[in-house]
Amino acid sequence: MVKLNSRIPDGPLAEKWSNYKSNQNLVNPANKRKLDVIVIGTGLAGASAAASLAEMGFKVKSFCYQDSPRRAHSIAAQGGINAAKNYQNDGDSIYRLFYDTIKGGDYRSREANVYRLAEVSNEIIDQCVAQGVPFAREYGGTLDNRSFGGALVSRTFYARGQTGQQLLLGAYQAQARQVKKGNIEMYPRMEMYNLVMVDGKARGIIGRDVITGKLERFSAHAVVLASGGYGNVFFLSTMAMGANASAAWQCYKKGALFGNPCFVQIHPTCIPVHGEAQSKLTLMSESLRNDGRIWVPKKKEDAEGLQKGTLRGGDIPEEDRDYYLERRYPAFGNLVPRDVASRAAKERCDAGYGVNSTGLAVFLDFKDAIERLGKDVIEAKYGNLFQMYEKITDHNPYKVPMMIYPAIHYSMGGIWVDYELHSTIPGLFATGESNFSDHGANRLGASALMQGLADGYFVLPYTIQNYLADEINTPRFKTDIPEFEEAEKEVREQLEKLMAIRGTMSVDTLHKKLGKIMWDGVGMARNKEGLLKAREEIRKLKEVFWFDLKIPGKIDDLNGELQKASRLADFIELGELMAMDALIREESCGGHFREEYQTEEGEALRDDKNMTFVAAWEYKGEDKDPALHKENLDFKYIEVKQRNYK
Amino acid sequence: MNLKLKIWRQKDPNTRGKFVNYRLRDISADSSFLEMLDVLNEELISKGEEPVVYDHDCREGICGACGLYINGRPHGPDSLITVCQLHMRKFKDGDTIVIEPWRARAFPIIRDLMVNRNAFDALIQEGGYVSVNTGSAPDANAILVKKEHADLSMDAAACIGCGACVAACKNASAMLFVGAKISQLALLPQGKIESNRRVMDMVAKMDELGFGNCTNTGACEAECPKGITLTNIARLNREYYKATF
């Protein structure tokens, strides 16, 4: 029976992390080089963890499915990274960043974790600057900041519209330095297919070489997941095509609990869907909401004209425009948090005020900003985003308003971890987007980069030592033991089973079906009936998948379809768990909106009395329902209030 | 629109490759180039044939995974974008499109349109970083950087490591890729400390890995999807001469 223990250190909130560090076990330098750590994924969390552990003296094995660690999807983050530096002298502090993050997450995250995140945020900026990350600067040579959704201060550091890229390259380069020194063994194009447990502890993985299709065994003293989020369960999302949940899902099936799977973030500003062949959605950074104004027409007939193509955005006079975010939320206006902005867009489009041919788009307009600041200023701030928009849509956003619509963007849920980022499997840690921890039910803009790097540079390299200190007498071991044998056999059998189906439907065809079920039933607005229906449909789809899937090619070979099929098998199971989790969460909070639970004005209505918990799911076996465990969230330092951005 | 495709198919590095012709019907002009290839692959799968293999991931022009020769040009006919951002509206109904992998000794073909670009990682490992351990950094605003230098550094740092510069170069030189990294770090006070060693090591590695020399043709700059300029190669040369004395 699993017992959840969040292992929050004693002491006042602001002293917990330093108390922890003062009292934890450490590993001495001579022993560090005898200990191996596997890190899955090379995004911000994975690359920074691998580099930091290797600098300390541990031997690291680093894995990614891409051809180079530099391509992990953190690279696509655009807007920025938060830190409580208060360089703008606008009243920011660690407490304020902590408060905004808890509130932004709709009071469904742990106080101690979030406070630590805010605390180490400042060190991240120091570290990245020292690495040569070219952040934006003022003329005096100091760092520049911008503001982001859900905050009243300017605390976001940025490198044009490519902040994720620059931070990732900083971590990638730190990792490259350790590869050169021999402290990191790098395995690109090697995908994790199973977790190997020895005596109840995570001791290794089974990898599949993407090029040869061969299964390989890797052992270590601990395994760190940094495998990212599961947004691709929806097929269409802003995630990379290869981003998948399989590493985390294999760990779930081996006994790691999965926290809050129904908490996914829908980003309000993405380029709308164009048609059936669409393969992914492109994000337009939240930073655009600093200067862009979001609107739809006030009059139905104007909206219909836009939908038919007889009218253009510019034809609609100022007095007939409904700047609905500014109208509904005067205090935060266009900078309300993402979940609020997304739902407001959906509400207007569902009411028939959408502005493109599908009726599923709203305007993001820069006319006023260009008049106020001049085209040059806007170009300097957002040039690359405007260029990207024009290349994709063939519309020039300097002249006509952008069209945007919400899209799946980030998963707050993930592997359940305690304060040490340790999962319920001893020796298995989860970092960055792959864990559930810091964002509650909604993540604020520019906080994903912060959390990924906080975990990788400053948290995990400490907390993992508290575990490894007890492993110094465990020698390196060979992988020809029964546990590895068995784990490899499981993978081989699963792959053979997939190849043997020989049905008629391609992986993408089935994945699109899953995506539609998820978007309709487990998407931006959910209700009991829809969730029950979605769960039923997912189960049916699972049967179709295992009966009618078609994979060409061979098993021991480069086989992209087999690779995708294996991921989809896991997404289908995860989709069902998401529906179950959304069903038991009988409230609306953050990205999780249950239509049954809303205020008269249509705002999310939490149930703090009964629902202030983390839902952690335990796998109980094929065709059995998972068991639900609840970690109650205790708010001692913050008053739990209804979120108000008015 | 209806299209004819001539696509390079090659089983593995040791087997001879060849162009294979395909026809596609009813492709939407709003589709991206890779979505058009998705449609082709779905057709191949339904016929029980093996799909065309190519690298791609983010599909928003930033990860650098995709890279194809399209009608003889790296990343295709549009400028300042990667293949994944190229849209079919740049082609006409009835067009024949020729698709090939990057061709350079340092980037061996793996299959079809997929190549091995590990050489780029090896170059960065040779010194494309600042040697600073986690936790040892001073306060971020203690290091002042002139805005002009930060901006130039960012221009260079925008490189996505796709390899189009190498593919475009008649000598398969990696000077633009290396020049971009050298420039980014040489322009910042943090990177200056190691600048001599960095440039010597990275240039030596470039030769070792089989990249050719630079003859100032400028094809790399013309085809770079991120607009990295030749100035960065000039800066590399300047850093190199500085380091020799």
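The values are calculated or read from the model by the stated rules, or taken from the named source; none is laboratory data. Small disclaimer: the values here were computed from a predicted structure and weren't measured. Here the Cβ is made from the backbone with ideal geometry for all residues, glycine too, and neighbour counts use every protein chain on show. The protein model used for the area step is the full one, side chains on, heavy atoms only, and it has no ligands, DNA or RNA in it. Shrake-Rupley method; radii C 1.70, N 1.55, O 1.52, S 1.80 Å.
Here are the numbers for the structure shown:
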{"item": "Pair-distance profile P(r), taking every C-alpha pair of chain A, with 20 angstrom steps and integer %", "result": "20, 55, 24, 1"}
{"item": "Which of A:Y107, A:P261, A:F386, positive extreme of dipole for the protein assembly as shown (C-beta unit charges)", "result": "A:F386"}
{"item": "Residue-level accessible surface for A:W519, protein heavy atoms, 1.4 Å, Å²", "result": "90 Å²"}
{"item": "Probe 1.4 Å - accessible area at A:M499, Å² to nearest ten", "result": "30 Å²"}
{"item": "Calculated Rg and Dmax of segment A:274-355 using C-alpha coordinates, Å", "result": "13.7, 40"}
{"item": "Sum of -39500 (n - 2.57) over DSSP H runs of 4+, divided by residues of chain A (222 nm, nearest 500)", "result": "-11500 deg cm²/dmol"}
{"item": "Estimated dipole of the protein assembly as shown in Debye, rounded to 20 [Cβ of Lys and Arg +1, of Asp and Glu -1, Cα centre]", "result": "1660 debye"}
{"item": "Above-threshold pairs, the threshold being 32 Å between Cα atoms, out of A:K375/B:K90; A:K391/A:K554; A:K280/B:K146; B:K4/B:K205", "result": "A:K391/A:K554; A:K280/B:K146; B:K4/B:K205"}
{"item": "Alpha-carbon centroids, segment A:558-621 and segment B:128-187: separation in whole Å", "result": "41 Å"}
{"item": "Neighbouring partner chain Cβ atoms per residue of A:50-60, average, 10 Å criterion", "result": "2"}
{"item": "Fluctuation leader among B:G64, B:G163, B:G72 - chain B, Gaussian network, Cα springs under 10 angstrom", "result": "B:G72"}
{"item": "Radius, Kirkwood style, for segment B:3-111 when every pair of distinct Cα atoms is counted (Å)", "result": "14.4 Å"}
{"item": "Inter-part distance where segment A:224-296 and segment A:61-117 are each reduced to a Cα centre, Å", "result": "17 Å"}
{"item": "Alpha carbon centroid spacing (whole Å) that separates segment B:60-110 from segment A:302-344", "result": "37 Å"}
{"item": "Theoretical gain in end-to-end length, A:R539 to A:I472 [0.36 nm per residue, Cα-Cα removed]", "result": "19.6 nm"}
{"item": "Cα pair count fraction exceeding 22 Å, expressed as % - chain B", "result": "57 percent"}
{"item": "Accessible area expressed per residue, the protein assembly as shown, with surrounding protein chains retained (probe 1.4 Å, Å²)", "result": "36 Å²"}
{"item": "Sequence-distant lysines (8 or more away, or on other chains) whose Cα lies within less than 18 Å of B:K242", "result": "B:K181, B:K192"}
{"item": "Portion, in percent, of the accessible area of segment A:1-41 that falls on carbon or sulfur, probe 1.4 Å", "result": "46 percent"}
{"item": "Under the span-like rule (Cα at least 24 Å along the axis, Kyte-Doolittle mean at least -1.0), DSSP H helices of chain A", "result": "A:111-131, A:163-180, A:528-548, A:560-584"}
{"item": "Folded to 0 to 90 degrees: helix B:147-157 orientation relative to chain B principal axis, Cα", "result": "40 degrees"}
{"item": "Pairwise Cα inverse-distance average, inverted: Kirkwood Rh of segment A:356-477 (Å)", "result": "18.4 Å"}
{"item": "Dipole moment magnitude, nearest 20 debye, segment A:483-618 about Cα centre, only Lys, Arg, Asp, Glu C-beta charged", "result": "620 debye"}
{"item": "FRET efficiency for A:E595 and A:I8, using Cβ-Cβ distance with R0 set to 35 Å, rounded to 0.05", "result": "0.50"}
{"item": "Rh (Kirkwood; distinct C-alpha pairs) - segment B:39-167, Å", "result": "17.7 Å"}
{"item": "Values of log10 I(q)/I(0), in the order q = 0.10 Å⁻¹, for segment A:483-618 under a Debye, Cα-only, solvent-free model", "result": "-0.44"}
{"item": "Calculated FRET value between A:E622 and A:N31, using beta carbons and R₀ = 30 Å, to 0.05", "result": "0.15"}
{"item": "Diffusion coefficient, µm² s⁻¹, Stokes-Einstein with Kirkwood Rh over alpha-carbon pairs of segment A:600-646 at 4 °C and 1.567 mPa s", "result": "95 µm²/s"}
{"item": "Of B:K170, B:K226, B:K11, the one that fluctuates the most in a GNM where chain B has Cα springs shorter than 10 Å", "result": "B:K11"}
{"item": "All lysines inside 17 Å of A:K16 as judged from Cα atoms, apart from same-chain residues fewer than 8 positions distant", "result": "A:K636"}
{"item": "Burial of 10 Å² or greater, segment A:531-554 residues [accessible area, probe 1.4 Å, versus chain by itself]", "result": "A:K550, A:P552, A:G553, A:K554"}
{"item": "Shape call, segment B:117-244: gyration tensor on alpha carbons, a/c limit 1.5", "result": "prolate"}
{"item": "Coordinate range along principal axes, alpha carbons of segment A:267-409, Å, largest first", "result": "37, 36, 30"}
{"item": "Set of aspartates and glutamates near A:K646 by C-alpha distance (under 16 Å), chain-local residues within fewer than 8 positions excluded", "result": "A:D100, A:D106, A:E326, A:D339, A:E600, A:E601, A:E603"}
{"item": "For a label point 7 Å along the Cα-to-beta-carbon line of A:D368, residues of segment A:272-310 with backbone N under 18 Å", "result": "A:287-299"}
{"item": "Set A:K512/B:K92; A:K346/A:K512; A:K512/A:K540; A:K61/A:K181; A:K254/A:K516 screened for pairs whose C-alpha atoms are more than 18 Å apart", "result": "A:K512/B:K92; A:K346/A:K512; A:K254/A:K516"}
